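Reviewing the structure listed below.
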Amino acid sequence: MDSYDSIARFYDLENAGFTEDLPFWADLAREHGGPVLELGCGSGRVLLYLAREGFRASGVDSSPKMLDLARRRLALQPAIAGNVELREESFTRLRLEETFPLVILPFNTFSHMTADEDVRAALDTIAAHLSPGGTAVLSLPNPIPLYGDPDEALVLERTFRDEERGVTIQQFSSLRVDRAAQLGRITWVYDEIGPGGDVNRTTAPMTLRYFFPNELTVWFERSGLLLKSLWGDYDRSPFEDGSPELIVVGRRPG
């Protein structure tokens, strides 16, 4: 089962407060024009925002339950239904009969490409769906702080409510970094606490790959893409050691 299928019911609740990147993606869409292709669109957090901003947006994701969330959210916004297309597919195999001036992978999506063959396939997919001169933007975690000495203890990330089911949810995480393999092995733990104090625990292991700037140039070139910029935050500041993000901007020649 896709890891996100097992935690889909928590996803929108835990990320409800994360909106700081939305104007960034909308500004990119205004600069490059639509339609926009989002790979790894999940529950539609970014995709539906772009549709509300007036752009036609196509979203691809491999998790049926996350796409169900996106469809339910879309059903509540009928005014933008004509601007949105959703497709269930692994984007390592995706081949649409359309190219786009802008392809985006927000919120660490590309980090799920842990094997070399998946990295190559994902970048080939991006290149195949970019219009000549089109731009691809990937938001990744900055790997540098993670290569220090991370604490592998279980850490409480946040507490939130599911009012519909009447439970309080505590979200924990534990991270173990495999430096040689450039992998972060994360365990997410969700404790649902009922009104009577009973606890139902869901555990979801997940692995992310960390990319360094110099290797990204090589990966992009192998797929016929040019690495154009590296930003360290959504304000487009240059990437530095302590930047909160690693935002990668690539371009298809043309």
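The values are calculated or read from the model by the stated rules, or taken from the named source; none is laboratory data. Small disclaimer: the values here were computed from a predicted structure and weren't measured. Here the Cβ positions follow ideal geometry from the backbone for every residue, glycine too, while neighbour counts run over all protein chains shown.
For the reader, a short list of remarks on this structure follows.
- The condition of being within 23 Å of Ala136 (Cα to Cα), among the hydroxyl-bearing types (Ser, Thr, Tyr) and part of a helix (DSSP H, G or I) holds for only one of Tyr49, Tyr4, that being Tyr49.
- Scope the stretch 41-93; condition of a type in the set (Lys, Arg) and closer than 22 Å to Ala16 by Cβ; matching residues: Arg45, Arg52, Lys65, Arg71, Arg72, Arg73
- Taking the listed residues Arg87, Arg93, Arg71, the one that is surrounded by fewer than 18 Cβ atoms within 10 Å (Cβ to Cβ), out of contact with any helix residue (DSSP H, G or I) (no Cβ under 6 Å at 6 or more places or on another chain) and either outside the structural domain of Trp231 (by TED's automatic domain parsing) or assigned to a strand (DSSP E or B) (or both) is Arg87, with no other qualifying.
- Total residues in the stretch 175-232 satisfying the condition of being of a type in the set (Phe, Trp, Tyr) and within 19 Å of Ile144 (Cβ to Cβ): the figure is 5.
- Residue within the stretch 159-170 that is of a type in the set (Val, Ile, Thr), surrounded by 14 or more Cβ atoms within 10 Å (Cβ to Cβ) and outside any strand (DSSP E or B) present: no
- One residue from Asn108, Asn142 being surrounded by 15 or more Cβ atoms within 10 Å (Cβ to Cβ), within 16 Å of the chain's Cα centre (by Cα) and on the phi > 0 side of the Ramachandran plot: Asn108
- For the stretch 113-122, the set of residues classified as surrounded by fewer than 19 Cβ atoms within 10 Å (Cβ to Cβ) and touching a strand residue (DSSP E or B) at 6+ places or on another chain (Cβ under 7 Å) consists of Thr114 only.
- The listed residues are Thr99, Thr135, and the only one of them that is under 16 Å from Pro35 (Cβ atoms), in contact with a helix residue (DSSP H, G or I) (Cβ under 6 Å, 6 or more places away or on another chain), hydroxyl-bearing (Ser, Thr, Tyr) and touching a residue at least 40 places away in the same chain (Cβ under 8 Å) turns out to be Thr135.
- Among the candidates Gly133, Gly184, residue that is assigned to a strand (DSSP E or B), closer than 30 Å to Leu28 by Cα, touching a Gly at 6+ places or on another chain (Cβ under 6 Å) and not hydroxyl-bearing (Ser, Thr, Tyr): Gly133
- Residue match in the stretch 61-81 (condition: closer than 27 Å to Trp231 by Cα and charged (D, E, K, R)): yes
- Test: residue in the stretch 183-203 that is buried (at least 17 other Cβ atoms within 10 Å of the Cβ), out of contact with any Leu (no Cβ under 7 Å at 6 or more places or on another chain), in the same structural domain as Arg161 (by TED's automatic domain parsing) and within 21 Å of Pro106 (Cβ to Cβ): yes
- Residue satisfying condition, being over 20 Å from Trp188 (Cα atoms) and in a strand (DSSP E or B), within set Leu123, Leu138: Leu138
- Within the stretch 147-168, one or more residues are of a type in the set (S, T, N, Q) and either over 30 Å from Leu102 (Cα atoms) or not assigned by TED's automatic domain parsing to the domain that holds Leu130 (or both).
- When residues in the stretch 20-41 are screened for being surrounded by 19 or more Cβ atoms within 10 Å (Cβ to Cβ), part of a loop (DSSP other than H, G, I, E, B) and at pLDDT 95 or above, 2 of them pass.
- Unique match (being in contact with a His (Cβ under 6 Å, 6 or more places away or on another chain) and surrounded by 15 or more Cβ atoms within 10 Å (Cβ to Cβ)) among Thr135, Thr125: Thr135
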